[in-house]
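Student: Have a look at this one before I ask anything.
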Amino acid sequence: MTETLVRRQRLVDEQNTIWQRMQEIMNGSEGRDLTDEERANWDAAETDLTRISGDLERLERMAQLGSVDRGQILQTSDRGEDPEAEEARYAEAFGLYLRYGLEALQGEQRQLLQGGFNQMQQGQGTSRRALGTAPDNAAGYLVPETFRNTMTETMKAFGGLLNICNVITTSDGGDLAWPTNDDTGNEGALLSENTQVPEQDISVGRRELGAYIFTSKMVKLSWKLMRDEAFGLDAWLPRKLGERIGRAVAGYLITGTGVKQPEGLTTQIRVGKTGANGQTTSVIYDDLVDLEHSVDPAYRGPNCKYLMHDTSLKVIRKLKDGDQRPLWVPVPAPGFPATINGWSYVIDNKMPEPAAGAKSIAFGDFQAGYVVRQVQGVTTIRLNERFADYLQSGFFGYAEVDGMVDDPAAIAAYQNSAT
């Protein structure tokens, strides 16, 4: 068992022990108010539970960051190298480019970055995998597989919706036609003998997914720091750029207007349940039940989940059903998710926090209900001359992403009361 698995199991055991202690406190006070001592013990246990739950979530995110799917390169080069060696050479050239600039590269390494492996194999008619693209005027290059996957996984860590929705990847950023259809109001008919079959046309709509550019903004690094081999630039820089892009993308996927930017989930999602007057920052058990049943049973299956801000989770963790059983159930064992009322949940801190009129909780099948389009590849650009008088170089990355509500019937929101 790896060190990570051992730590995860220890945290799960500790979490369940604390949860059991909290249950014992409540069971021992049945029919009366908590004493001051019991209340203090409960509050201390809840603080420990929150800390351990956070550690578990961070551990799971780190596991995601570490389990990078490097992909496969099916073709080999005319050098007879295996695919992994070919990719490694490109990654090495890219790392040198980050540290020292284009001038530090040998001719062969420059050719790698400029897309030399896009050429057709002579006499074999087999297209090679594109390891890089030709640079633009600012010397921007496609991030190699290992770098790009680091950035992509980091983006997911900062946006929970991106983990559970329908994500499609395209090779270019042209508008992508997306057909839509809602035939739920139509049904077949009983046909009498010798009667013509009635007609009922299907209405198919069309929407488009674009490719909006998200940038990391500029990161400036001193030449002295970059050339210090003890500084892991190759790992640090893609992660830092990915964090910035990820935070920006996550926000627009939740609250984007859809006008020259992605259409956010909460912008178009329908309201399945509105809190009663006074519930501007709260939710009750009955509200969650009503929210779940506002989603048609056709969608209310194993893919359904809750999506919310961590503040909303804190509110829900204090709720109980009619038999005084907590709605929130901690992780029973590694690999099993914590649940709310029997449904798993995902935290996305770009979701609105509980507030007057806020759509603070979403429930449904996000695979069916929301689609994200991302263009394959993340580009990093190195600016060599702009900050040379400060003995610095500038870096920034950019990615192309769009998103929209796909099937509005698949997801519903709980909206806090306006007053």
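The values are calculated or read from the model by the stated rules, or taken from the named source; none is laboratory data. Here the structure is a predicted model, which is why all the values come from computation and not from measurement. So basically every Cβ, Gly included, is an ideal-geometry build from the backbone, and we count neighbours across all protein chains shown.
Student: Which members of region 378-419 meet the condition of being part of a loop (DSSP other than H, G, I, E, B), of a type outside the set (Asp, Glu) and surrounded by fewer than 19 Cβ atoms within 10 Å (Cβ to Cβ)? Spell out the reasoning first.
Tutor: Of the residues in region 378-419, the ones part of a loop (DSSP other than H, G, I, E, B) are 378, 384-387, 391, 406-407, 416-419.
This time we only want the ones that are of a type outside the set (Asp, Glu), so: 378, 384, 386-387, 391, 416-419.
Residues satisfying the conditions are 384, 386, 387, 391, 417, 418, 419.
Student: Now a separate question. If you check residue 69 against the conditions, is it among the charged types (D, E, K, R) and at pLDDT below 75? Lay out the reasoning, then the answer.
Tutor: Numbers: among the charged types (D, E, K, R): yes; at pLDDT below 75: yes.
So residue 69 fits the description; yes.
Student: Could you list, in sequence order, the residues of region 289-311 that are closer than 15 Å to residue 358 by Cα and either in contact with a helix residue (DSSP H, G or I) (Cβ under 8 Å, 6 or more places away or on another chain) or not assigned by TED's automatic domain parsing to the domain that holds residue 350 (or both)? First the steps, then the outcome.
Tutor: As a first pass, look at region 289-311 and keep what is closer than 15 Å to residue 358 by Cα: 291, 307-311.
307, 308, listed by residue number.
Student: Taking strands (runs of 3 or more DSSP E) that fall entirely within region 154-211, which contain at least 3 residues that are within 20 Å of residue 378 (Cβ to Cβ)?
Tutor: On the way: elements: 166-170, 176-181, 204-209.
Qualifying strands (runs of 3 or more DSSP E): 166-170.
Student: Now for a different question. So, of the residues in region 337-358 that are within 19 Å of the chain's Cα centre (by Cα) and either among the small types (Gly, Ala, Ser) or modelled with pLDDT under 90 (or both), which turns out to be surrounded by the most Cβ atoms within 10 Å (Cβ to Cβ)?
Tutor: 338
Student: Here are the criteria: (1) modelled with pLDDT under 95; (2) assigned to a strand (DSSP E or B); (3) of a type in the set (A, V, I, L, M, F, W, C). Tell me which single one residue 361 does not satisfy.
Tutor: Tallying (1) modelled with pLDDT under 95; (2) assigned to a strand (DSSP E or B); (3) of a type in the set (A, V, I, L, M, F, W, C), residue 361 fails exactly one: (1).
Listed here are the residues, each with its yes/no results for (1) touching a residue at least 12 places away in the same chain (Cβ under 8 Å); (2) on the phi < 0 side of the Ramachandran plot; (3) within 20 Å of the chain's Cα centre (by Cα).
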| residue | (1), (2), (3) |
| --- | --- |
| 203 | yes, yes, no |
| 257 | no, yes, yes |
| 266 | yes, yes, yes |
| 271 | yes, yes, no |
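Student: Let me ask something additional. Any residue in region 17-42 that is closer than 18 Å to residue 317 by Cα and outside the structural domain of residue 325 (by TED's automatic domain parsing) sitting within a Cβ distance under 7 Å of a residue that is small (Gly, Ala, Ser) and modelled with pLDDT of 85 or more? List the pairs, counting only those 6 or more apart or interchain.
Tutor: 18/45; 21/45; 22/45
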